[in-house]
Every structure is written in C-alpha cells, then in structure tokens.
Amino acid sequence: MATEPEPGSTTGALAPRPTGALAESANGTLTGGAGLLDHSDRDAIAPTAGAIAGVLGIVVTAAIAVVLVTMNPSFASGKAGGTANQLGSATAAGGAPVVEPGSPAADGAQIIATKPCVGCHTIPGIPGATGTVGPNLNGVASRTKIAGGAVNNTGPDDLKKWILNPPALKPGTLMPNVGLTDDEATKIVAYLELLK
C-alpha cells in the first residue's frame, strides 16, 4: 500500500526547512555539512582568542624549560651526561688492556664474554661488550666508588663482593646476581683491575 505525499511537501532524503518564527531568528548562513549553521557569533570565546592562548601556552612552556635547564647545576658544570665515575676514563675510552695469555685476567676476559655482563656494560677488550644500560667499565679499577656511588671500591675484594651479589650491597640495583662462582669472580676481577 503506497501513500501519496502530502500536498506542498517535497520528496527526497532531506526534510524541508521549517518556516516560521524559529527559522527567521536563526542565523541562516550555512557553513558546512547537512544544514550546519554558523553559530560563532554566539561563542563565548572567539576562534582567534583560542589560537592566541595556544601560542602563548607554547611560549610559556618553552620559557619554563629554558629556565629549568639554566638552573640545573649539572648543565652548568658540564656533567649532565654523566660523571667520569659513571662513564669511565675518557682518555682511555675503548682501549683494551694488555692481557698476558694464560693469566687469571685472560681467563676473566673469557668468562666475562660468556656472561650477561656484555649486554649491559661497555667493557674494553671484550668483544660484543657494548651495552649501555649499566656504566662503562673503562677505568673501573681507578674509581673509589661504584654502583652509582653506593659501594666503596678500595681494591679487588670490594669489586669481587659487588659482582658476586650486587643486590646484597645495593638493594634495588638493576644489576642482578648472575650466579658467579668464587673462582669466576676472582678471575673477572683480575681482568677488571687492569681497567685503570
């Protein structure tokens, strides 16, 4: 059963615009889409004011960043990228120590290459030891403190205690206990003591 359209109506997908008091009071400027009207004259904030506020927000954020960087003493002292204690000796960077074949230090170098140490540390003279998670071990034997300054390093015994069980000396450290034997730790320390 088909119905016929009412007289005066138009057929199609869109309904006709209403006529009357409501239609006469609306701003009739169409600015897009299916019958969208421009209401910008009734907005609480003009579009240009929003743009200006956005630009000012960016400028203020940049100014605060500059102030914070200039106030940071690490940037002023040139140590923002780390200290020599953390990064190792800059003069010997990449220089492998001379290791006598068959010595405990040579055995230590071979042990280090088979352990997870190489994934986290850069260790001169150890192939593949280019990690950046932990500190560069170049110059570790010359450092009076290790583990970010939390552990004394007055000699081979301190270094050995550290590598045998790091969490015992610095709870919360990211350096794990890798299950070294006492003999392995002694040989590893013999190698690390060459990194002065």
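Rule-based calculations on the coordinates, nothing more; no lab input. Because the structure is a prediction, the values reported are computed rather than measured. All Cβ positions, glycine included, derive from the backbone under ideal geometry; neighbour counts span all protein chains shown.
For K160, a cut-off of 20 angstrom between C-alpha atoms picks up these lysines, skipping any fewer than 8 places away in its own chain: K115, K145, K170, K187, K196.
Sorted on the mean count of surrounding Cβ atoms within 10 Å across their residues, most packed first, peptides 42-55, 179-192 read 179-192, 42-55. A simple spin-label model places the labels of I52 and T114 7.3 nm from each other, with each point 7 Å out along Cα-to-Cβ.
Across region 105-186, Cα pairs under 8 Å and at least six residues apart give a relative contact order of 20 percent. Judged by the ratio a/c of the largest to the smallest principal axis of the C-alpha gyration tensor, region 84-192 counts as rounded, that ratio being less than 1.5.
Per-residue extension of 0.36 nm, minus the Cα-Cα distance of S103 and I45, leaves a gain of 13.0 nm for this segment.
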